[in-house]
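Here's the structure, in structure tokens; my notes come after.
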Amino acid sequence: MTAHITQTESVDAAPFPAPRVDSEVGPLRTVLLHRPGLELKRLTPRNNDQLLFDGVPWVDRAQEEHDAFAEVLRSRGVEVLLLADLLVEALHDDRARIAGIHSAVNERRLGIDLADALRSHLSSCGPEQLATALMTGMTFEELPAAEGASLVRKMHHPIDFAVDPLPNLLFTRDSSVWVGDRVAITSLAMPARDRETALTDLIYAYHSRFRRTGRAYGAHSAPVEGGDVLLLAPGVLAIGVGERTTPAGAESFARSALADGLAHTVLAVPITQERATMHLDTVCTMVDRDAVVMYPAVRDNLFAYPVRSDGNGGVLVDDRRPFLEAAAEAMGIERLRVIDTGLDPVTAEREQWDDGNNTLAVAPGLVVAYERNVETNERLEASGIEVLRISGSELGSGRGGPRCMSCPIDRAPLA
């Protein structure tokens with residue numbers, strides 16, 4: 001215990017820069033990723049749909065692809081933080097351990113006796129072992145032995161999950177969003193992702209690097225996911241409303257951002273409620289300070305409801321307007337340049353499905369994209385955008401591209 005306190009004190013003394021993110025394209029300084037681990041090996045044809053993956057990925061190849069993604073970012077001067085490392089470091093704090101164990105043990109599923117046995121077991125684990133259990137989950141056959149018979153054990157198959165795995169941790173974009181100098185811990189809509197925000201929350205609460213960070217939104221509010229939140233420009237947010245983010249979630253997030261002075265305009269953008277367009281960033285992302293890559297099938301049908309403060313603690317909600325028009329006006333520019341996905345409707349639909357719109361901006365006019373979206377990447381380059389191509393044959397099986405797999409923690413301001 002003493003060693004843990006000593007380590008925490010030494011880490012506390014390290015001078016960490018204050019994180020801040022005001023745009024989608026400001027030069028990226030620090031980013032949070034999660035290298036896929038054993039939790040992906042929990043996926044089977046029996047459970048991959050429930051766990052939100054389209055197939056069963058080849059884990060070793062997914063790790064190779066992710067390592068290459070992280071190296072591309074490092075080669076451009078970006079500091080890459082890995083979620084698993086931060087989680088282990090945070091779990092040296094007893095308060096973080098209590099929070100993590102509380103999130104993992106479902107007494108309604110396990111019953112009181114088995115839940116108590118599991119809590120006792122997890123409490124005896126070191127930070128590395130506990131972090132692995134929290135991310136990878138545990139099957140009933142992996143639970144610690146307990147005295148006496150258990151109907152719960154007997155009636156579950158040995159490979160049923162007593163603690164669900166979290167394969168979607170790969171998509172760090174969704175569970176937290178930085179707006180200005182504050183972090184918003186989101187509320188994820190799908191049951192398979194419930195526990196992700198608990199881990200993100202304890203990292204930001206108990207890791208010494210983030211202890212002085214202010215909060216912008218509560219995880220227990222209505223559903224809103226980071227893939228739906230775009231920082232179009234300093235003071236201008238767009239929030240997609242569809243399969244994952246509800247109108248109530250968008251309004252709660254908007255009220256919080258406006259009240260805290262983090263935004264002057266929030267655009268609530270309805271999107272089709274289906275898997276291919278689960279988040280706003282599956283159809284539109286920023287690639288330059290005045291340019292987006294957009295799925296052409298939605299270009300003329302994407303609308304926005306501008307939301308602003310009324311100056312008295314409430315909000316004003318304008319009638320809906322074309323998204324591109326409302327965005328340009330809020331950003332104070334004449335128009336947004338639009339770069340279409342693909343060259344024709346069939347190619348556009350294929351490349352949108354393959355995350356062609358889901359780019360990560362490293363700097364204005366410099367993005368990371370999946371190499372397989374050949375036509376979209378060529379269109380980006382023809383429009384003056386430099387494309388850093390990465391492989392995503394296995395990473396993409398969870399339906400997410402470079403933006404989905406990254407949570408920017410610090411960006412330089414736009415000049």
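The values are calculated or read from the model by the stated rules, or taken from the named source; none is laboratory data. Note that the structure is a prediction, hence the values are computed from the model and not measured. Counting neighbours? That spans all protein chains shown, and the Cβs are built from the backbone with ideal geometry, glycine included. Side chains included, ligands, DNA and RNA excluded: accessible areas come from the protein's heavy atoms. Shrake-Rupley method; radii C 1.70, N 1.55, O 1.52, S 1.80 Å.
Looking at (1) open to solvent by 10 Å² or more (accessible area, probe 1.4 Å); (2) over 16 Å from the mean Cα position of the chain (by Cα); (3) more than 23 Å from PRO413 (Cβ to Cβ), can you tell me which one MET190 breaks?
The one condition MET190 does not meet is (2).
Can you tell me how many residues within the range 1-44 are farther than 22 Å from MET135 by Cβ, among the charged types (D, E, K, R), open to solvent by 20 Å² or more (accessible area, probe 1.4 Å) and modelled with pLDDT of 50 or more?
Of the residues in that region, 3 qualify.
Evaluate the following for ARG320: is it closer than 23 Å to ARG399 by Cα and surrounded by fewer than 22 Cβ atoms within 10 Å (Cβ to Cβ)?
no
If we scan the range 174-194, do we find a residue that is in contact with a Leu (Cβ under 8 Å, 6 or more places away or on another chain), of a type in the set (Gly, Ala, Ser) and on the phi > 0 side of the Ramachandran plot?
Yes; the residues of the range 174-194 include at least one that is in contact with a Leu (Cβ under 8 Å, 6 or more places away or on another chain), of a type in the set (Gly, Ala, Ser) and on the phi > 0 side of the Ramachandran plot.
Run down GLY235, GLY180 and say which single residue is open to solvent by 10 Å² or more (accessible area, probe 1.4 Å) and more than 30 Å from THR136 (Cα to Cα).
None of the others qualify; the one that does is GLY235.
Of all residues in the range 357-391, which are touching a helix residue (DSSP H, G or I) at 6+ places or on another chain (Cβ under 9 Å), over 20 Å from LEU280 (Cα atoms) and not hydrophobic (A, V, I, L, M, F, W, C)?
Residues satisfying the conditions are GLU371, ARG372, GLU375, GLU386, ARG389, SER391.
Mind counting the residues in the range 66-102 that are open to solvent by less than 70 Å² (accessible area, probe 1.4 Å), within 19 Å of the chain's Cα centre (by Cα) and without any contact (Cβ under 8 Å) to a residue 40 or more places away in the chain?
Result for the range 66-102: 2.
Give me a count of the residues in the range 199-212 that are crowded, with 20+ Cβ neighbours inside 10 Å and polar (S, T, N, Q).
1
Please list, ordered by residue number, the strands (runs of 3 or more DSSP E) wholly in the range 283-329 having 2 or more residues that are within 27 Å of PRO413 (Cβ to Cβ).
In the range 283-329, 284-288, 291-294, 303-309 are the strands (runs of 3 or more DSSP E) which contain 2 or more residues that are within 27 Å of PRO413 (Cβ to Cβ).
Considering only residues that are farther than 14 Å from GLY26 by Cα, open to solvent by 10 Å² or more (accessible area, probe 1.4 Å) and not hydroxyl-bearing (Ser, Thr, Tyr), look in the range 393-412 and name the one that is modelled with the lowest pLDDT.
ARG399
I'm checking my understanding of the structure. Among residues of the range 251-271 that are hydroxyl-bearing (Ser, Thr, Tyr) and more than 15 Å from GLY214 (Cα to Cα), which one is least open to solvent (accessible area, probe 1.4 Å)?
The selected residue is THR265.
Do any residues in the range 45-65 that are at pLDDT 85 or above have Cβ atoms under 6 Å from those of residues that are acidic (Asp, Glu) and in a helix (DSSP H, G or I), where the two are at least six apart or on different chains, and which pairs are they?
Hits for this filter: zero, empty list.
Consider GLU196 against the criteria (1) open to solvent by less than 10 Å² (accessible area, probe 1.4 Å); (2) among the acidic types (Asp, Glu); (3) out of contact with any Ser or Thr (no Cβ under 7 Å at 6 or more places or on another chain): it satisfies all of them except one. Which criterion is unmet?
All conditions pass for GLU196, except number (3).
What about ASP174, is it out of contact with any strand residue (DSSP E or B) (no Cβ under 7 Å at 6 or more places or on another chain), closer than 23 Å to VAL266 by Cα, at pLDDT below 90 and not hydrophobic (A, V, I, L, M, F, W, C)?
Considered against the rule, which asks whether it is out of contact with any strand residue (DSSP E or B) (no Cβ under 7 Å at 6 or more places or on another chain), closer than 23 Å to VAL266 by Cα, at pLDDT below 90 and not hydrophobic (A, V, I, L, M, F, W, C), ASP174 comes out as yes.
Where residues in the range 367-387 are at pLDDT 95 or above and touching a Leu at 6+ places or on another chain (Cβ under 7 Å), which of them is surrounded by the most Cβ atoms within 10 Å (Cβ to Cβ)?
VAL367
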